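Novice: Take a look at this one; I'll ask things after.
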Amino acid sequence: MTIGLVGRKVGMTRIFTDDGVTLPVTVLDVSDNRITQIKTAENDGYAAVQVAFGKRRASRVRKPLAGHLAKAAVQAGSVLREFRAKADELGNLKVGGKVGVDIFQVGQKVDVSGTSIGKGFAGVIKRHHFSSNRASHGNSVSHNRPGSTGQNQSPSKVFPGKRMAGHLGAVSRTVPNLEIVRIDADRGLLLVRGSVPGHEGGHIVVQPAAKTPKSRAPAKK
């Protein structure tokens, strides 16, 4: 199934396997994904499912969106997300229903998207991992400087994309091929191995992995 879920990052913890091996996992709350619209190729030109997650006060919802949600008889959410789907996947879905964690299974690879933690204005050493200069022996307060950024007389400008100091973090990032190691169907939780972007409580999107790594053949002796 190509449909994903919207949720929030609860935090990180660890679990133990039957062999006693500890695994670092991130807990994702993907409960209560409400279907607000189902798009079909006949009516919309493509097949997709629109879901809402979270809660939002009625006074914070604009009238066009409020009418859209009232038509589906769905409570307003803090996130509204659309997932492309195949036509045969829409048969068991209906407007006003829910999409649960049962669309995933343990051991499946997923892609998790989120907004990375914002770290404000940062220099080139922290932002781009530049190496610093020596801090003594004649160095006059330039050990954390970016160095030369200009060009010659021609073209006499700084090219766009030059790695310089600036805003760090708070951008959309996707971590691919994370493995689901445990599913809590009662509470709508997914435990994925590894870390995901964003702070605790931040919104995330979980989708089946778009590209799974190929298994390498054993080396010939």
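Novice: So which trypsin sites (Lys or Arg not before Pro) in the range 79-130 pass both tests, a DSSP loop state and at most 13 other Cβ atoms within 10 Å of the Cβ? Intermediate values should be presented prior to the final figure.
Specialist: Values: sites: R81, R84, K86, K94, K98, K109, K119, K126, R127; in loops: K86, K94, K119.
Hits after loop and neighbour filter: K86, K94, K119.
Novice: Hey, another quick one. Over the heavy atoms of S31, what accessible area does a 1.4 Å probe trace out, to the nearest 10 Å²?
Specialist: 40
Novice: Now for a separate question. Quick one: what does P(r) look like for the chain with 5 Å bins over all Cα pairs, in whole %?
Specialist: Histogram of Cα-Cα distances, whole percents per bin: 1, 6, 10, 13, 13, 12, 10, 9, 8, 7, 5, 3, 2, 1, 0.
Novice: Continuing with the same structure: Which cross-chain or sequence-distant (5 or more) residues have an amide H under 5 Å from the amide H of T2, H modelled 1.01 Å from N in plane?
Specialist: Residues meeting the criterion, in which the H sits 1.01 Å from N, are K86.
Novice: Per 5 Å bin, what percent of the C-alpha pairs of the range 1-131 does each bin hold, from zero upward?
Specialist: 2, 8, 15, 16, 15, 13, 10, 9, 7, 4, 1, 0
Novice: Taking Cα centroids, how far is the range 35-96 from the range 101-145 in Å?
Specialist: After rounding, the separation between the Cα centres reads 36 Å.
Novice: Next up: Lysines near K55 by alpha-carbon distance under 30 Å, same-chain residues fewer than 8 away left out - which ones?
Specialist: Here the lysines satisfying the reach criterion relative to K55 are K9, K39, K63, K71, K86, K94, K98, K109, K119.
Novice: All other residues with a Cβ under 13 Å from the Cβ of S31 taken together, and with Lys, Arg as +1 and Asp, Glu as -1, what is their net charge?
Specialist: Counting the neighbours of S31, the net charge comes to 0.
Novice: Further question on the same structure: Sorted from largest down, give the three principal axis spans of the alpha carbons of the range 114-190, whole angstrom values.
Specialist: Principal extents (largest minus smallest coordinate, Cα): 65, 35, 21 Å.
Novice: Mind grabbing the accessible area of I117 for me, 1.4 Å probe, Å², rounded to tens?
Specialist: 90
Novice: Per DSSP helix of 4 or more residues, -39500 (n - 2.57); summed, then divided by the residues of the chain. What does that give at 222 nm, rounded to the nearest 500? Don't jump to the answer; show the numbers that get you there.
Specialist: Details: 3 runs with 19 residues, N = 221.
It comes out at -2000 deg cm²/dmol, rounded to the nearest 500.
Novice: Dipole magnitude of the range 1-120 about its Cα centre, charges +1 at Lys/Arg Cβ and -1 at Asp/Glu Cβ only, in debye to the nearest 20?
Specialist: It comes to approximately 880 debye.
The values are calculated or read from the model by the stated rules, or taken from the named source; none is laboratory data. The structure presented is a predicted model; accordingly, all values stated were derived computationally and were not measured. Ideal geometry is used to build each Cβ from the backbone, glycine not excepted, and the neighbour counts take in all protein chains shown. Ligands, DNA and RNA are stripped out before the accessible areas are found, and what is left, the full protein with its side chains, is counted by its heavy atoms. Shrake-Rupley method; radii C 1.70, N 1.55, O 1.52, S 1.80 Å.
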